[in-house]
Amino acid sequence: MGVNVRMVRLAVLIIWAVFCITPIFWIFSTAFKPNEEATKFPPTLIPKKPTLENFEYILSDPILFRSLLNSVFVSISAAILCIIISSLAGYAFSRYEFRGKKFLMGLMLGSFLIPPVVNIIPLYVEFFKLFGTTDSLLELVIVYQLLILPLNVFLFKNYFDTVPAELEESALVDGCSRLQAFYKITLPLSKPAIAAASIFAFRFAWDEFIFALTFISSPDNNVFAAAVYNFVGLYQVQYGYLAAAMVILCIPPVIILTLFQKHIITGLKMGGLKG
Amino acid sequence: MAGVKLVGVSKRFGKFTAVKNINIHVRDREFLVMLGPSGCGKTTILRIIAGLEKPSTGQVYIGDEIVADADRDYHLPPKDRDVAMVFQSYALYPHMNVYQNIAFPLQLRKVPKEEIDRVVKDVADLLGIRDILHKKPSELSGGQRQRVALGRAIVRQPRVFLMDEPLSNLDAKLRIKMRMELRKLQKELGITTIYVTHDQMEAMTMGDRIVVMNNGKIQQIGEPGEIYRKPVNTFVAGFIGSPPMNLIDATVTEDGALDTGEFRLKIPEIADVVGDYVGEDVVLGVRPEDVFRDENGIEFRVEAVEPFGNIKVAYLRRGDLSLTAQLPEVYEGENLKVSFRTDKIHVFDKKTGKAIM
């Protein structure tokens, strides 16, 4: 490779990196600025007087703190429920032959192509009819399933395809029922798929915004991603608080991704998805 | 302990018929080997007995109990059949160590912990794998994995062992050793065993009886010696024996001789039985070891020789006709005269492949 080509490539990569990192850096920087500095023009790159007051405000505000707990509850429940349903569905798609299997799989993956926004109003109406209200965290957990399931079922199906059927058959002869063979043999061997699928589900539910904003009406039931929207007022945006909230919002996915990186990449690879 | 009986068992996968009208009665404590080329349906039969496949027709009995009946759509799940299976891939559970693998069937049966511990260790001693109990399958050699798979099968003393080519992934030397060990173990435990293989040496050395299969059908059931000496058709004749039997096309002449085009063979024993076949095509079967040097015999040229220590396998040719012979001394390129041991000659009907004598 010529020197020039390498230089051009390096330059492109640097520009791209700056392009990607700047907003994140900006958010981090703003999160540590006092409110008056956050809105000052020209803006400062690095906070002149770094402060934790934005974080203190958010974590000490009872409604915001409550919304943070709600978010944790919704995300974890959504992930667990999603794993249970999508692993079983993926198993059925992988191991059983049934009429209309290909059609169902196509339908499910097809539904993933519909932009979620299109579904908001119909889902709102249906859930309202069904439960009499939409202002409930459990409903949010359920509605998220509709959006995360297709991808995770696909991921599990592809992963289970790589687990030899002979292992399950051996377990059946050894004395397992079909379900026992699934949770004693196949599922423990599918940790990478479980890791990848739960991250998908968790992350989706954690930073989902539009559904939360539409479905939830009472402050007590609000989730964090929607609650911080209140910092965007009609006449003024509280950038310091907003940035601090974004930083808090980033923390759990970053921690989980770092911890389970290896598993997740294996899961994505075996699941036939590119990492 | 129990025998196994298959009555009129067939299995279809869509339009493909994997096994057709199988009738076998495996006796209690018997070591039955199912032998055949790949795709002949032998593994399917094993899976039907295990309960991993439902037969399309027929009934399966283990002991006196009916475990599958296609007519009534009755199918006892594998877990309730009390059979153990050793898979070709061993199918060890990768996330469990050797101890957990062997203990697994007992845990499912809610055997008390102390009892499991005792039995697993006994089995480990029996198979000589006590020192690898803590290891994961991925850390084991092929031979060790094979033993663990065996251990998992024998640990609960099932009514029937089902083995699907359990030795095929081992190297040649270990395979011969395990052949003897398996046989010994089976006799000690006295558990009815159905063993699937495509290796005729395994079949001949291990089986009390052999079921030879081809194209989903049973070709012959019998003791190893009987199958070797009296093959019922050209398939069995050609499949059993190494090097394989010479199968030479011939026509029956009016005087009861066999005319191969290159030589005529007139033997009283043959003449007695081929009377109905005058003018028709038959197949002459001669095992390589039944060919011997004879000054009054038929002349052949030696095309190639494969030495096997004390014996040599010679590939002979006369015109279009080739013949394999096992001879003590033979040299490439020489011309020699050979005859056949007349009491060991086979004759088959060319059309049906069935043995005439």
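Just so you know, all these numbers are worked out from the coordinates, no wet-lab data involved. Quantities reported herein were computed from a predicted structural model and do not represent experimental measurements. With ideal geometry, Cβ positions are generated from the backbone for all residues, glycine too; neighbour counts draw on all protein chains shown.
Quick notes on this one:
- Net charge dipole size for the protein assembly as shown [Lys, Arg +1 and Asp, Glu -1 on Cβ; Debye, nearest 20]: 1540 debye
- Counting DSSP beta bridges with both ends in the protein assembly as shown, the antiparallel % (nearest 5): 75 percent
- Between B:N296 and B:E188, the simple spin-label model (points 7 angstrom out along Cα→Cβ) gives 5.5 nm.
- Too-long pairs where the Cα-Cα distance tops 25 Å, listed order kept, from B:K54/B:K135; B:K20/B:K344; B:K173/B:K312; B:K230/B:K351: B:K54/B:K135; B:K20/B:K344
- Cα-based shape type of the protein assembly as shown, given that a ≥ b ≥ c are square roots of the gyration tensor eigenvalues and the cut on a/c is 1.5: prolate
- If both residues of a DSSP beta bridge must be in chain B, then about 75% of such bridges are antiparallel.
- Inter-site label distance for B:T17 and A:V254 at 7 Å from Cα along Cβ, in nm: 6.9 nm
- Axial C-alpha extent at least 15 Å, average Kyte-Doolittle at least -1.0 - helices from chain B (DSSP): B:98-108, B:113-127, B:142-154, B:172-189
- Of interest is the spacing of the C-alpha centroids, which for segment A:72-144 and segment B:19-81 amounts to 42 Å.
- Percentage relative contact order, segment B:1-129, counting C-alpha pairs under 8 Å, at least six apart: 19 percent
- Computed over chain A: relative contact order in percent, which uses C-alpha pairs under 8 Å that are six or more apart: 30 percent
- Here's the list of aspartates and glutamates a cross-link from A:K129 could span, going by alpha-carbon distance under 19 Å and ignoring same-chain residues fewer than 8 apart: A:E139.
- Dipole of chain B [Lys/Arg +1, Asp/Glu -1 at C-beta], most positive-end residue of B:V33, B:T57, B:Y228: B:T57
- Dividing the helix sum by the residues of chain B, where each DSSP H run of 4 or more adds -39500 (n - 2.57), gives a mean residue ellipticity at 222 nm of -7500 deg cm²/dmol.
- Shape class of segment B:199-357 from the Cα gyration tensor (axes a ≥ b ≥ c, square roots of the eigenvalues): oblate, since a/c reaches 1.5 or more and a/b does not exceed b/c.
- Segment B:174-208-segment A:1-68 distance, computed between alpha-carbon centres (Å): 71 Å
- Rounded to the nearest 10 degrees, the angle from helix A:3-31 to the longest Cα principal axis of chain A is 70 degrees.
- When +1 charges are put on Lys and Arg Cβ atoms and -1 charges on Asp and Glu Cβ atoms, the dipole computed for chain A relative to its Cα centre reaches about 880 debye.
- Per-residue mean of C-beta atoms belonging to partner chains within 10 Å, peptide B:95-108: 3
- Relative contact order (%) - criterion: Cα under 8 Å, at least six apart; region: chain B: 15 percent
- By the helix-only formula, in which each DSSP H run with n ≥ 4 contributes -39500 (n - 2.57) and the sum is divided by residues, chain A has a 222 nm mean residue ellipticity of -24500 deg cm²/dmol.
- Charged neighbours of A:I248, selected by a Cβ distance under 13 Å, balance to -3 (K, R count +1; D, E count -1).
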